[in-house]
Amino acid sequence: MTAKTFDMIVIGAGPGGYVAAIRGAQLGLKVACVEREHLGGICLNWGCIPTKALLRSSEVFHLMHRAKEFGLRAGDIGYDLDAVVARSRGVAKQLSGGIGHLFKKNKITSIMGEAKLTAPGTIEVKTASGTETLSAKSIVLATGARARELPGLEADGDLVWTYKHALAPKRMPKKLLVIGSGAIGIEFASFYNTLGAKTTVVEVMDRILPVEDAEISAFAKKQFLKQGMTILEKAGVKKLDRKPGVGVTAHIEMDGKVTTEEFDTVISAVGIVGNVENLGLEGLGVKLDRTHVVVDEFCRTGVAGLYAIGDIAGAPWLAHKASHEGVMVAELIAGKHAHPIKPGSIAGCTYCHPQVASVGLTEAKAKEAGFDIKVGRFPFIGNGKAIALGESEGLVKTIFDAKTGELLGAHMVGAEVTEMIQGYVIGRQLETTEEDLMHTVFPHPTLSEMMHESVLQAYGKAIHI
């Protein structure tokens, strides 16, 4: 069988792969993209996008209950879970279809099937109609990741769910256990808790949202407890006794003691593992480290012409990181000058209520790195727009190098912080100092004014606190 030849083949059509394919085509490369499930990958179909649609429904539901605060009347407040999920799926479907349109527009050959590397520059694709052989000088692995499953805590889709089951639930949990308090765990805990599930979160680390600044984690925890969540830190789920049709008995270890508690539903959100199996990587000598492909700063695997981007290439496991790596790799392949991605300039966003967002070093990490630091804080309660919105619970925190004025990190918790964080991201990209930020005029009345005040507060110049 004669191989179809391309300049670049991308394996996986998630936010890394489809962006790499489009950028490659824009630069004049002949591109093929192989995807085994759906265009847009996990992020668009079963992750970032549909979860935001669900969380928007729960946010509106929460606001409906607060109608009286705003001088409004609302009666018979309720929800239809099937309709909430249907809206979420519709949003995902609309965007997935859009990628198909972009592929056609950019003349990208889109192949639905499973790819395997059989030799350097050669892949075999199993499709519904048989097997095809494709070849290219440059191949980009963008196969993503899936939920990690711990022994004894495996999902069954009935009593124990992964994020996929939680996105299209068969029922509304009454008493829910969420294992893991990273972004995925906390977002689902927030969604189901808002809709009325009695929710317990178990986190093995010493605090929830463990990658965030400790002060922000503590603030978020306080808000979750106010909302009725139970949060167990430095705790682990040792065993689940499943009773089909009834529920689960969870054996939870905390402070050296194991207690048991009954739940009708468990969501396991204990991390992810890279999709590295059945790709033929071992035969080519690709190095793996704990289910992730080892790459350099330009996403090169060490095997000539083979790149890996996104979740398969390791942390941070974020769609926007994958997309930028996709652009970088496409530009490298096309012979352009490309800039490596700086992990410290990639923002993390968690869409729970309240939202959490951050970029750069936490206070603890900045101290560990030996910086002499200045820290600024500004609370939402001091901001006119936040009070007008009825969202006065929150905090903006900024961390500067005391010697140079470099913005080392920014951390926020509160309404719309996932939108606000980009201001600090741009600041870090442009190597902004505290002086630049102080001299910037922020519009009034906006939540963004708190970003200004937090900078001023770090240097003893805040006006409204």
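Of all residues in the stretch 113-131, those satisfying the criterion of being buried (at least 16 other Cβ atoms within 10 Å of the Cβ) and of a type in the set (A, V, I, L, M) are Ala115, Leu117, Ile123, Val125. Tallying residues that are within 13 Å of Ile312 (Cα to Cα) and either touching a strand residue (DSSP E or B) at 6+ places or on another chain (Cβ under 7 Å) or of a type in the set (Phe, Trp, Tyr) (or both) within the stretch 14-27 yields 1.
In the condition set (1) touching a Cys at 6+ places or on another chain (Cβ under 8 Å); (2) in a loop (DSSP other than H, G, I, E, B), His339 is compliant with all but (1). Against the test of being more than 26 Å from the chain's Cα centre (by Cα) and not charged (D, E, K, R), the options Ala402, Ala386 yield a single qualifying residue, Ala402. When the stretch 324-376 is limited to residues that are in contact with a Lys or Arg (Cβ under 9 Å, 6 or more places away or on another chain) and among the acidic types (Asp, Glu), the one that is nearest to Ala13 (Cα to Cα) turns out to be Glu331.
Any residue at all in the stretch 169-176 that is open to solvent by 60 Å² or more (accessible area, probe 1.4 Å), assigned to a loop (DSSP other than H, G, I, E, B), touching a residue at least 24 places away in the same chain (Cβ under 8 Å) and in contact with a Lys or Arg (Cβ under 8 Å, 6 or more places away or on another chain)? Yes, the stretch 169-176 has at least one match. Counting only residues that are hydrophobic (A, V, I, L, M, F, W, C) and within 30 Å of the chain's Cα centre (by Cα), which one in the stretch 436-453 is nearest to Phe400 (Cα to Cα)? Here the residue is Leu437.
Count of the stretch 231-264 residues, restricted to those that are open to solvent by less than 40 Å² (accessible area, probe 1.4 Å) and assigned to a strand (DSSP E or B), is 14. So in the stretch 198-230, with the set limited to residues that are part of a strand (DSSP E or B) and open to solvent by 20 Å² or more (accessible area, probe 1.4 Å), which one is farthest from Lys175 (Cα to Cα)? Of everything passing the filter in the stretch 198-230, Thr230 is farthest from Lys175 (Cα to Cα). Per the conditions (1) open to solvent by less than 40 Å² (accessible area, probe 1.4 Å); (2) touching a Lys or Arg at 6+ places or on another chain (Cβ under 9 Å); (3) among the aliphatic types (A, V, I, L, M), the sole criterion not satisfied by Val140 is (2).
The set of residues in the stretch 155-169 that are among the charged types (D, E, K, R) and within 16 Å of Trp46 (Cα to Cα) contains only Lys164.
Any idea which of (1) without any contact (Cβ under 8 Å) to a residue 24 or more places away in the chain; (2) more than 27 Å from the chain's Cα centre (by Cα) is the one Pro120 doesn't satisfy? Evaluating Pro120 over (1) without any contact (Cβ under 8 Å) to a residue 24 or more places away in the chain; (2) more than 27 Å from the chain's Cα centre (by Cα) leaves (1) as the failure. Here Asp264 meets the list (1) out of contact with any helix residue (DSSP H, G or I) (no Cβ under 8 Å at 6 or more places or on another chain); (2) on the phi > 0 side of the Ramachandran plot almost entirely, failing just condition (2).
The values are calculated or read from the model by the stated rules, or taken from the named source; none is laboratory data. Small disclaimer: the values here were computed from a predicted structure and weren't measured. Backbone-built Cβ (ideal geometry, glycine too); neighbour counts: all protein chains shown. The protein model used for the area step is the full one, side chains on, heavy atoms only, and it has no ligands, DNA or RNA in it. Shrake-Rupley method; radii C 1.70, N 1.55, O 1.52, S 1.80 Å.
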